[in-house]
Amino acid sequence: MPRVTDHIILNSNEDISKKRLKTTIKKLFEKKQLDYYTAVLNQWIKDGVIEDVPFNEIEKKSHYLPLTSVFKESYTMKVRPMFDASCKYKNSLSLSDCLEKGPNLLDEIYSHLTEIPKRKK
């Protein structure tokens with residue numbers, strides 16, 4: 001991902017990432033969704049979307065993407081993992097703050113989606 005500058009060093013946010021994970025696990029357990037959520041994460045590991053941090057690298061200074069969950073009762077996938085790149089810790093920058101902003105493509109995507117039904121006629 002292109003950064004605004006290569007010289008920005010993000011502070012470690014391990015504490016808040018761990019707190020968010022504990023809160024997420026508690027909420028998932030209460031809603032009886034922990035097994036499903038864990039299965040999704042395991043599939044992501046298998047697919048290479050995410051990776052385990054090797055034990056010998058845990059002590060290195062790192063910036064983590066805090067993990068949370070999104071619940072939508074109306075969808076078939078009622079809960080999904082979400083990484084929070086906008087999380088700020090102790091008045092520091094978030095990962096989102098450090099990344100170049102690309103063009104907003106939502107209008108373009110919307111116009112293409114609305115054309116699809118027209119083509120079928």
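Taken together, the values in this text are just the output of simple stated rules run on the coordinates, not laboratory data. Since we're looking at a predicted model, the values are computed, not measured.
Once amide H atoms are built 1.01 Å from N in the peptide plane, which residues 5 or more positions from ASN13, or in another chain, come under 5 Å H to H?
Distant-sequence amide H within range of ASN13: TYR64.
Determine which aspartates and glutamates satisfy two conditions relative to LYS61: a Cα distance under 12 Å, and not lying fewer than 8 residues away in the same chain.
Leaving aside aspartates and glutamates fewer than 8 places away in the same chain, those within reach of LYS61 are GLU14.
Please tell me which of these pairs span more than 27 angstrom C-alpha to C-alpha: LYS32/LYS101; LYS19/LYS78; LYS22/LYS101?
The answer is LYS32/LYS101; LYS22/LYS101.
Please grab the % of Cα pairs in the chain that end up more than 20 Å from each other.
61 percent
Which cross-chain or sequence-distant (5 or more) residues have an amide H under 5 Å from the amide H of LEU99, H modelled 1.01 Å from N in plane?
VAL4
Calculated from DSSP H runs of 4 or more alone, at -39500 (n - 2.57) each and per residue, what is the 222 nm mean residue ellipticity of the chain, nearest 500?
So the helix-based figure for the chain works out to -13000 deg cm²/dmol.
Based solely on C-alpha atoms, express the radius of gyration and the Dmax of the stretch 13-67 in angstrom.
Both quantities, over Cα of the stretch 13-67: 12.6, 35 Å.
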